[in-house]
Amino acid sequence: RDEIDAAATAVAAALRHPLLLRARAADKLRREAPVVLSTTEGMLEGIVDLAVAEGEVWTVVDYKTDAELGEGVAFLQQSYEMQVRMYAAAIGAATGQAAYPTLLIV
């Protein structure tokens, strides 16, 4: 029961987050969108959790739920930030529009 209550609290808080409120009113919205980016080191591919277009600007969101992992959090956060930057680069390349990465830790 405690885990269910904690999950419900986390979801409710996430849904009230200003970014998700903006997403509800966005011009364009993509969820679970596959992306591919060609780099000098090869092809990167992934699934974008959320991409929100407001005018000509995209906000690319990657959700993470493991904020309480202890000492490994700093390393993981750096990896996660790199991941969402690559997603934003892929969306920017595909659309020709500005795309900004956002990491949302729930």
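Where a number appears in this text, it was derived from the coordinates with a stated rule and is not lab data. Note that this is a predicted model, so its numbers are computed, not measured. Neighbour counts are summed over all protein chains in view; Cβ atoms, including those assigned to glycine, are modelled from backbone coordinates with ideal geometry.
Residues whose amide H lies under 5 Å from that of ILE105, counting only those 5 or more places away or on a different chain, are LYS64; hydrogens are built 1.01 Å from N in the peptide plane. Listed values for the range 25-32 are Karplus-derived 3J(HN,Hα) couplings in whole Hz (6.51 cos²θ - 1.76 cosθ + 1.60, θ = phi - 60°), namely 9, 5, 5, 9, 9, 10, 10, 6, and x replaces Gly and Pro. Legend: Rg and Dmax of the chain, from Cα coordinates, 15.0, 49 Å. Using only side-chain charges placed at the Cβ, +1 for Lys and Arg and -1 for Asp and Glu, the dipole size of the range 14-66 relative to its Cα centre rounds to 340 debye.
Nearest-5 percent of antiparallel DSSP beta bridges in the chain?
Details: 16 of 24 bridges.
Here the share of antiparallel DSSP bridges comes out near 65 percent.
Among the GluC sites (Glu not before Pro) in the range 1-55, those placed in a DSSP loop whose Cβ has at most 13 other Cβ atoms within 10 Å are GLU41. What you get for the chain, charging only the Cβ of Lys and Arg (+1) and of Asp and Glu (-1), is a dipole of about 440 debye around the Cα centre. Stretched out straight at 0.36 nm per residue, the stretch from MET43 to ARG31 would grow longer than its current Cα-Cα span by 2.2 nm.
Could you order the peptides 46-53, 91-98 from most to least packed, using the average number of other C-beta atoms within 10 Å per residue? List each step's numbers first, then the result.
Working: 46-53: 19.0, 91-98: 14.9.
Going from most to least packed, we get 46-53, 91-98.
The length gained on full extension between ALA13 and ALA94, counted as 0.36 nm times the residue separation minus their Cα-Cα distance, comes to 26.0 nm. Exposed loop sites here are trypsin sites (Lys or Arg not before Pro) assigned a DSSP state other than H, G, I, E or B and surrounded by at most 12 other beta carbons within 10 Å; excluding them, the longest clear run of the chain is 17-106.
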